[in-house]
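Student: Shown below is the structure under consideration.
The values are calculated or read from the model by the stated rules, or taken from the named source; none is laboratory data. Note that this is a predicted model, so its numbers are computed, not measured. Cβ atoms come from the backbone with ideal geometry, glycine included; neighbour counts cover every protein chain shown.
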Amino acid sequence: MTCQTIQLQTISKRFGFEWIFRDVEATFEAGKSWAILGANGSGKSTLLQVISASVSPSKGKIVYTNQIGRTIEVSEIHQHLSWAAPYLELIEEFSLKELLSFQARFKPFINQLSIAEVIDIVELPNVRKKAIRHYSSGMKQRVKLVLAILADTSILLLDEPATNLDANATNWYRKLVEQYAQNRIVIVASNQEKEYDFCSNRLVIEDFKMKSSRK
């Protein structure tokens with residue numbers, strides 16, 4: 001069963017006495033893409049982490065449902081999502097092939113892509129046998145995006161996906177999303193239009209800041 005909807009019900013998050021956002025209401029559906037927009041430090045990444053269930057909300061509830069309308073437990077949602085972000089680490093002792101093989105044990109690749117096919121898609125032929133620690137920041141970001149976008153998951157979360165990518169690599173990322181993310185829930189956190197302009201829906205984090213002064 002895949003995840004078909006994610007419903008945020010008055011989701012709020014605070015650290016200490018500071019509210020990052022309050023009373024976020026949104027419903028994300030399969031086959032639709034969303035951009036979470038806001039300035040640096042506004043809480044975009046925090047909201048993405050709450051949606052992924054890696055961070056608990058301070059208030060409110062998230063309901064995940066599958067295609068027959070049944071609730072997916074929060075403890076199981078990690079099986080349904082993949083995620084790329086600049087702050088997520090790779091196993092740098094592995095080569096590209098070793099890293100992809102390791103990933104495939106937990107989350108097979110979409111459309112039953114083979115390791116060799118994924119290596120071709122990442123477009124890094126000159127370093128495929130090198131340890132990831134020898135990759136440039138842009139190369140590592142390509143690998144992170146491939147691991148997320150090509151994973152056979154129904155939820156795709158992307159936090160500032162074009163970080164460290166040049167213009168050609170950014171176009172590569174956009175084509176990858178266009179080809180492999182059509183029927184999934186896609187949520188992009190960004191303040192760079194080139195990263196999210198294909199998204200048909202917007203959620204502006206500042207819209208949920210005005211309520212932060214309430215007790």
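Student: In the stretch 51-109, what residues are among the polar types (S, T, N, Q), touching a Lys or Arg at 6+ places or on another chain (Cβ under 7 Å), free of Cβ contacts under 8 Å to residues at least 60 places away in the same chain and within 16 Å of ARG142 (Cβ to Cβ)?
Tutor: Within the stretch 51-109, SER95 is the sole residue that qualifies.
Student: Could you look through the stretch 75-103, keep only residues that are part of a helix (DSSP H, G or I) and in contact with a Ser or Thr (Cβ under 9 Å, 6 or more places away or on another chain), and pick out the one that is nearest to GLN182 (Cα to Cα)?
Tutor: HIS80
Student: Among the residues of the stretch 168-208, how many are hydrophobic (A, V, I, L, M, F, W, C), under 17 Å from ILE121 (Cα atoms) and assigned to a helix (DSSP H, G or I)?
Tutor: So the count comes out to 4.
Student: Among the residues of the stretch 124-165, write down those that are part of a loop (DSSP other than H, G, I, E, B) and under 30 Å from THR65 (Cβ atoms).
Tutor: The answer is LEU150, ASP152, THR153, SER154, GLU160, PRO161.
Student: Residue by residue through the stretch 16-65, note down the ones that are part of a strand (DSSP E or B), over 21 Å from ASP159 (Cα atoms) and either basic (Lys, Arg) or at pLDDT 95 or above (or both).
Tutor: Hits for the stretch 16-65 are ASP23, LYS59, GLY60, LYS61, VAL63, THR65.
Student: Output the residue which, of all residues in the stretch 7-42 that are over 18 Å from TYR196 (Cα atoms), touching a helix residue (DSSP H, G or I) at 6+ places or on another chain (Cβ under 9 Å) and of a type in the set (Phe, Trp, Tyr), is surrounded by the most Cβ atoms within 10 Å (Cβ to Cβ).
Tutor: PHE21
Student: Please go through the stretch 44-68 and pick out each residue that is crowded, with 16+ Cβ neighbours inside 10 Å and under 17 Å from TRP83 (Cβ atoms).
Tutor: LYS44, SER45, THR46, LEU47, LEU48, GLN49, VAL50, ILE51, SER52, ALA53, ILE62, TYR64
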